[in-house]
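> This structure is in structure tokens; I'll ask about it shortly.
The values are calculated or read from the model by the stated rules, or taken from the named source; none is laboratory data. Since the structure is predicted, the reported quantities are computational estimates derived from the model, not experimental observations. Virtual Cβ from ideal backbone geometry, glycine too; neighbours counted across all protein chains shown. Side chains included, ligands, DNA and RNA excluded: accessible areas come from the protein's heavy atoms. Shrake-Rupley method; radii C 1.70, N 1.55, O 1.52, S 1.80 Å.
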Amino acid sequence: MSFNTFGRVFRFTTWGESHGPALGAVVDGCPPGLELGEDDIQPYLDKRRPGTSRFTTQRQEPDQVRILSGTFEGRTTGTPLSLMIDNVDQRSKDYSDVAKAYRPGHADYAYDAKYGFRDYRGGGRSSARETAARVAAGAVARKVIDGVRIRAYLVEIGGDTIDRAAFDDSQIDANPFFCPDPAAAARWEVLVDNARKSGSSLGAVVECVAEGVPPGWGAPLYAKLDSELAAAMMSINAVKGVEIGDGFHAARLTGESNADAMRPGKDGKPHFLANHAGGVAGGISTGQPVVVRVALKPTSSILTPVETIDRAGEAAEIMTKGRHDPCVGIRAAPVVEAMMAIVLADQKLLHRAQTGR
């Protein structure tokens, strides 16, 4: 059995391949009566869309979404929403070598080992093209959690990090890297250009913050808000690490320095003096901003020749032709936002089902 569905109450199933005629998502569990049209989804897809700068793959996909079911007169009906995005710029001939040998770091060998058969065109189901469907589903999730602000941005490319003191939210949409530090964005232009021209690739770290999440979402043990977020983020292509709050840095702190001290606040609610926990304690939201960081490996499809084996197990060498992101993390920011929204929507509905509020 293969698992293509995520979520408990608000859940979605993605379908389609990188070089198939289309891909999409079926969203189930969305409450009825929410205003929803294609114009509510398209802006998020446009942020993830390929070919928008020289720093991403030059595959030209408009990523125009169509809502095929689940709405009537501009509102959700409570029945499954079917969202479809056509593929219009496939070049399957670029993958003739991939049919014969495995790309190291990619899912080629693992898919063959599991299924004994694979769609080698662009990686098929393992392609990051699948994330377009997640972004569409995430746009629906945002309607469920109206009032929660979600923002993702890059804090590191190729080991070069932003200056937190120079953080400027208005800069995130002003450059092709979703970078809040304009000086870092200028350095990254050189880094990514050099990687692209040399036929290599770079990794990245994306940070995502959700503000306006009320206290109480999540569960103490097996549906913890942070464990659900970790699972959601790890399901994204190329993600190799996830941190909640201070993450691994928390292991280097003392108990008193790691504690999110509280003082009396307004309306009987606590005023937190820190947020090392990333807005989650005991698996349940505290009312503070929910903070997640995601580490993405360098793109596995590169022009630099790499040693490998072919399907017969013989030694080979491969370089991947075609159009690929020199840093897959750049277009991951909208995907991370989408998965954050989907988890929060699911947790909101689970909380309401258990507590009635």
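> How tilted is helix 38-48 with respect to the longest principal axis of the chain? Cα atoms for both, answer in degrees (0 to 90, nearest 10).
Once rounded, one gets 60 degrees.
> Pick out, from Gln347, Ala333, Met319, the residue whose Cα sits farthest towards the positive end of the charge dipole of the range 307-357, with +1 on the Cβ of Lys and Arg and -1 on the Cβ of Asp and Glu.
Toward the positive end, the furthest listed residue is Gln347.
> Put +1 on the Cβ of each Lys and Arg and -1 on the Cβ of each Asp and Glu in the chain; which of Ser227, Ala128, Pro43 then has its Cα farthest toward the positive end of the dipole?
Comparing the listed Cα positions along the dipole, Ser227 ranks first.
> Relative to the longest principal axis of the C-alpha atoms of the chain, give the angle of the C-alpha long axis of helix 225-234, reported between 0 and 90° and rounded to the nearest 10°.
It works out to around 10 degrees.
> If packing is taken as the mean number of other Cβ atoms within 10 Å per residue, what is the order of 161-168, 248-255, highest first?
161-168, 248-255
> When the dipole is taken about the Cα centre of the range 140-215, and only Lys, Arg (+1) and Asp, Glu (-1) are charged at their Cβ, what size is it in debye, to the nearest 20?
Result for the range 140-215 is approximately 280 debye, rounded to the nearest 20.
> Report Rg(Cα)/(2.2 N^0.38 Å) for the range 230-357, keeping two decimals.
1.51
> Right, next: Of all accessible surface on the chain at a 1.4 Å probe, what whole percent is carbon and sulfur?
54
> State the extension gain, in nm to one decimal, for the chain segment bounded by Ser53 and Ala353, taking 0.36 nm per residue of separation less the distance between their alpha-carbons.
103.6 nm
> Might you tell me the accessible area per residue for the range 219-357, computed with a 1.4 Å probe and given in Å²?
Counting only protein heavy atoms, the per-residue value for the range 219-357 is 50 Å².
> How long are the semi-axes of the equivalent ellipsoid of the range 61-179, defined as square roots of 5 times the Cα gyration tensor eigenvalues? Whole Å, largest first.
Values for the range 61-179, descending: 31, 27, 13 Å.
> Which parts of the range 182-199 would a label at Ala165 reach, counting a residue when its backbone N lies under 18 Å from a point 7 Å out along Cα-to-Cβ?
Flagged as within label range: 182-185.
> Next question. Please give the charge dipole size of the chain, origin at the Cα centre, charges +1 on K and R Cβ atoms and -1 on D and E Cβ atoms. Round to the nearest 20 debye.
Dipole of the chain, to the nearest 20 debye: 460 debye.
> Please state the relative contact order of the chain as a whole percent: Cα pairs under 8 Å, 6+ residues apart?
Rounded, it is 23 percent for the chain.
> Shifting gears a bit: Can you tell me the orientation of helix 332-355 relative to the chain, as the angle in degrees between its alpha-carbon axis and the longest Cα principal axis, to the nearest 10?
Helix 332-355 sits at roughly 40 degrees to that axis.
> Here is a further query. With a ≥ b ≥ c taken as the square roots of the eigenvalues of the C-alpha gyration tensor of the range 192-295, please select rounded if a/c is under 1.5 and otherwise prolate if a/b is larger than b/c or oblate if it is not?
Prolate is the answer for the range 192-295, as a/c is 1.5 or above and a/b outweighs b/c.
> Shifting gears a bit: Taking Rh as the Kirkwood radius, which is the inverse of the mean 1/r over Cα pairs, what is the Rg/Rh value for the range 147-197?
That ratio is 1.01, to two decimals.
> Still on this structure, please answer the following. What full-extension length gain, to one decimal in nm, is calculated for Glu256 and Glu211 as 0.36 nm per residue of separation minus the Cα-Cα distance?
Separation in residues times 0.36 nm, less the Cα-Cα distance, equals 13.7 nm.
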